[in-house]
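Below: the structure, in structure tokens.
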Amino acid sequence: MTPVRVGIIGGGIVGPVAAILLKQQGYDPVIFERNDTRSEAGIGLGIQRNGLLVLQRIPGLVESLAGHTLDYFHFYSTLAEDSGVLGQLDGPKRRREQTGVGTIGIRRSVLQLALISAAERAGVEIRWGHHLNTLEQTEDGVTLSFANGARETVSFVVGCDGLHSDTRKALFGEERADYTGLTQTGGFAPMPEQYRGTSTAISVFGDGLPVDETTMSWAVTAREPEAKETWRAMDDAAAEDFKRASPVAQWDHGAGELVRNGVNVTKYGLYDRPELPTWHKGRVVLIGDAAHPTSPHLGQGANQAFEDAGALADLLAAHAPAAEPTTTAALEAAFQELEAARIPRTTFLVKRAREQGETRVVHGVPACVERNEFYRKLLADEALMRQWFAA
Ligand SMILES: Cc1cc2nc3c(=O)[nH]c(=O)nc-3n(C[C@H](O)[C@H](O)[C@H](O)COP(=O)(O)OP(=O)(O)OC[C@H]3O[C@@H](n4cnc5c(N)ncnc54)[C@H](O)[C@@H]3O)c2cc1C
Ligand SMILES: *[C@@H]1O[C@H](CO)[C@@H](O)[C@H](O)[C@H]1NC(C)=O
Ligand SMILES: *[C@@H]1O[C@H](CO)[C@@H](O)[C@H](O)[C@H]1NC(C)=O
């Protein structure tokens, strides 16, 4: 029997993972990525326990990730009227010691390279320079048309093409992403002295995240009129302007030091989308940011995408095994079960991430003190915290 050809649209973060997991189930996935090569862009992201549990299904991958273990999360306030420690968490350390699975901070570019390499090792074909334009569905397949003129017919399609997904557009029509009202300006910087030799992520009402032994990824959240969602680093003059103008450059607990020493400084608008009632149509399904883009404040974007990929591979194997003829009805049964399992969770987390973002930009002393009190209580109560961070 010829293997079931699956079109994976997008070779970003979740595309290669979905491809590898489907290959393990006996399908024949091929990744179509619009760019000619992987991206150097972006800053850091966190892979949490739930995401790592999915990545562990790929032999050798987690051990090969050149990231930095995150054992501690420290929260500080720099408000003159109410400054100091809001909470110091060691949950990730305890879970790492108990279960062997903790939390990792990693450069987005390094993660994408590791995932693409793992896909190649698993024998997944990757077609670079293939920008999906449209797709057409028949009873037993999907024909994909690309901007370079190529056309390919596959059995079914997994849209992993991110925030501005063309797969999503092809299924459900054009619809603008929602600007959250917040931007982030971030970069990399040498790890401040007080954190050297530790595994600590800091939140000084801005973000900080170690991505290797001596480097932190940082981001400053601000409320601003709409800004583009772009991951391109700004030029040196613009970066210097930001460092001069940002009050965060004077903050303590290492935050100011990170901003002042920032390199590859990048500014991007934060976007999400309202929940979709369904992630599929016929033989095409969306996962990751294509299905449920989120603002980044919970650090769950990539992790939820990995959860999607794990669940999708299992449900396809159960409903539409690669060894049998792949019917639209069988695929739809898998996709519907995926939606039932995943949409409530991702919808909750998208909303929660937006709320988290709002806590980072409150203005005025009374509102900031109230915010600080909220975090002190939250960070001291493990049950409440698990609920809030959905860890
Ligand atoms: C360049 C870049 C840098 C990023 N940097 C960060 C970061 O520093 N920190 C952070 O938290 N998040 C970052 N993100 C977002 C983060 O990768 C995602 O939120 C998350 O990991 C989910 O991944 P995804 O695979 O669903 O989407 P993405 O990572 O966005 O990947 C989507 C992929 O699909 C490709 N694609 C898009 N349209 C098409 C098409 N029509 N045909 C074929 N391919 C297509 C894109 O080129 C991309 O490779 C970045 C995203 C991008 C694209
Ligand atoms: C990827 O493709 C998009 C759209 O064509 C483009 O805007 C972006 O700059 C490309 N990125 C890289 C790394 O080539
Ligand atoms: C800055 O970006 C370049 C590529 O664009 C990369 O080679 C370099 O490692 C980055 N710097 C840090 C500190 O990550």
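Worth a mention:
- Its DSSP H runs of at least 4 residues, each contributing -39,500 (n - 2.57), put the calculated 222 nm mean residue ellipticity of the chain at -11000 deg cm²/dmol, to the nearest 500.
- ³J(HN,Hα) computed for each position of region 264-274 - Karplus, 6.51 cos²θ - 1.76 cosθ + 1.60, integer Hz, glycine/proline x: 6, 6, 10, 10, 9, x, 9, 10, 9, 9, x
- Share antiparallel - DSSP beta bridges, the chain, percent rounded to 5: 70
- For G44, distant residues with modelled amide H under 5 Å away: R108
- With the highest mean first, a sort of the peptides 7-19, 370-382 on other beta-carbon atoms found within 10 angstrom per residue produces 7-19, 370-382.
- Pairwise FRET efficiency - T327 versus E373, Cβ, R0 = 51 Å, nearest 0.05: 0.35
- Applying 1/(1 + (r/R0)^6) with R0 = 22 Å to the Cβ-Cβ distance of F172 and E139 gives a FRET efficiency near 0.55.
- The equivalent ellipsoid that matches the C-alpha gyration tensor of region 251-347 spans semi-axes of 38, 13, 11 angstrom, in descending order.
- The Cβ shell under 10 Å around R283 holds other residues with a net charge of -2, Lys and Arg each +1, Asp and Glu each -1.
- Along its principal axes, region 191-300 has C-alpha extents of 54, 33, 21 angstrom, given from the largest down.
- With the biggest extent put first, the Cα atoms of the chain measure 68, 46, 36 Å across the principal axes.
- Separation in nanometres of the label points that stand 7 Å from Cα toward Cβ, at E193 and E224: 3.2
- Scalar couplings 3J(HN,Hα) for region 164-181, obtained by applying the Karplus form with A = 6.51, B = -1.76, C = 1.60 to θ = phi - 60°, are 9, 3, 6, 5, 4, 4, 5, 7, 10, x, 6, 7, 6, 5, 8, 6, 7, x Hz; x denotes Gly and Pro.
Values quoted throughout were computed directly from the atomic coordinates according to the rules given, and no laboratory measurement underlies them. Predicted model, so just to flag it, every value in this text is computed and none were measured. As a convention, Cβ positions derive from the backbone with ideal geometry for all residues, glycine included, and neighbour counts pool all protein chains shown.
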